[in-house]
1. How many percent of all Cα-Cα pairs in segment 337-376 sit more than 17 Å apart?
2. Karplus couplings for segment 325-339 from phi (6.51 cos²θ - 1.76 cosθ + 1.60, θ = phi - 60°), rounded to Hz, Gly and Pro as x?
3. Taking N as the number of residues in segment 75-195, what value does Rg over Cα atoms divided by 2.2 N^0.38 Å take?
4. Show me, for segment 106-111, the HN-Hα J-couplings you get by feeding each phi into the Karplus relation (A = 6.51, B = -1.76, C = 1.60, θ = phi - 60°), rounded to Hz, glycine and proline as x.
5. When a footprinting reagent is the concern and you count Cβ atoms within 10 Å, what order do LYS146, LYS38 take, fewest first?
6. Over the chain, what portion of Cα pair distances is larger than 32 Å, expressed as a whole percent?
7. Based on the Cα atoms of segment 1-158, what semi-axes does the equivalent ellipsoid have, where each is the square root of 5 times one gyration tensor eigenvalue, given in whole Å with the largest first?
8. Give me the net charge for the shell around LYS4: Cβ to Cβ below 13 angstrom, other residues only, Lys and Arg +1, Asp and Glu -1.
Amino acid sequence: MNKKAIYAHKILVLGKLIEDHVIIFENGIISDLFPIEKRPKGLLVEEISEGYLVPGFFDIQVNGGGGFLFNDDPSLETIQNIGSAHRKFGTTSFFPTLISDDLDKIAAAISAVDQAIAMGVPGVVGIHIEGPFLNEKKKGIHDAGKFKCLDEEAVQLLSSLKSGKTLVTLAPEINDPQFITKLTQSGVTVAAGHTNGTYEQTIASIEAGVTGFTHLFNAMSAFQSREPGAVGAAFEMMETWASVIADGFHVHPAVLRHAIKTKGTDKIILITDAMPTVGSQKKEFWLGNEHIKAKDGKCTNADGVLAGSDLDMASAVKYITEHVGFSLEQAIEMASRSPAKFMKLENEVGSIAIGKKANFALLDDKLDVLNVWIEGVQY
């Protein structure tokens, strides 16, 4: 039995910082947690004297990293390289994310994620399929030539992941609600995104099974005085979750602050929407026919349109604490526990507790990542 013990001076446990505790984990699962003074005689403990030991981050939208884009080659190797790039920034659970593409590319992506999970690639817990069931009026950087509406064939494909979780982002107003319901009944989590839907259409989609909003505010019908839009529906329906890109480019900090105060840290999810430039020295790439460059942390095409991000999760957490005005504990909740709850994985990941995976990130006082553990293995 693979049993290890870590003694840390500061540990974030279920939203609260506690001091001088020992965590024991066996075969990658936390089996005990107790104050250092209760340590059994003879127990060998690895001491962590500096920084904060926090739950590893859970990023539900990772298009790429380390120079690799999932759309370019949806394969086991690509997933391994993306995961390796994001581990350095505290991400211990992630969804490889496919930007709008053809159904055969979606099939390849699902197969690759199934293979990655079966082979135990560190951190892979599912897949995010963002499009192609989107609204051209809110296409963002997506290729509208790939767009289509849900049908029986698509529903069967999107529901075909053998293990792990599936998240699908779609525009509710262009898709038949019955297909949204079929997706959710098959276990797929559905989020509204790249949508120009009215408030009423978005509320109806929530009744059909939509439970989240992808990158709230961005590529989405806005919150206005007489037209609440999709954003208004997100604020109204408090049972839903909403992801945000906290990089200083996608959403103004005052708007982020309002969203978090309105929905609460338990319903806001930090994502990166990361592109290949994260964790890579190369700061440009091709997305289909679009040449994308990352400059000063901002990814854009030749026309200046935002194209995902050059953001990592540790930087998102830091941005929330330094520019938006929330505590480390609150930022970590949005980076770990909230996405776990959204994807119904809170019994496995998202917090440090007995029975959950030994997924940790060690942060220094500047909130930079010093070490990472995934299922008890230190990287």
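Values quoted throughout were computed directly from the atomic coordinates according to the rules given, and no laboratory measurement underlies them. Computed from a prediction, not measured in an experiment: that's the story for all the values here. Cβ placement follows ideal geometry from the backbone for every residue including glycine, while neighbour counts extend to all protein chains displayed.
1. 38 percent
2. Calculated HN-Hα couplings, in order: x, 10, 6, 4, 4, 5, 5, 5, 4, 6, 9, 9, 6, 4, x Hz.
3. Details: Rg = 14.2 Å, N = 121, 2.2 N^0.38 = 13.6 Å.
That ratio works out to 1.04.
4. 4, 4, 5, 5, 4, 4
5. Neighbour counts put them in this order, fewest first: LYS38, LYS146.
6. 29 percent
7. On the way: eigenvalues 334, 51, 36 Å².
Rounded to whole Å, the semi-axes are 41, 16, 13.
8. Net of charged neighbours comes to -4.
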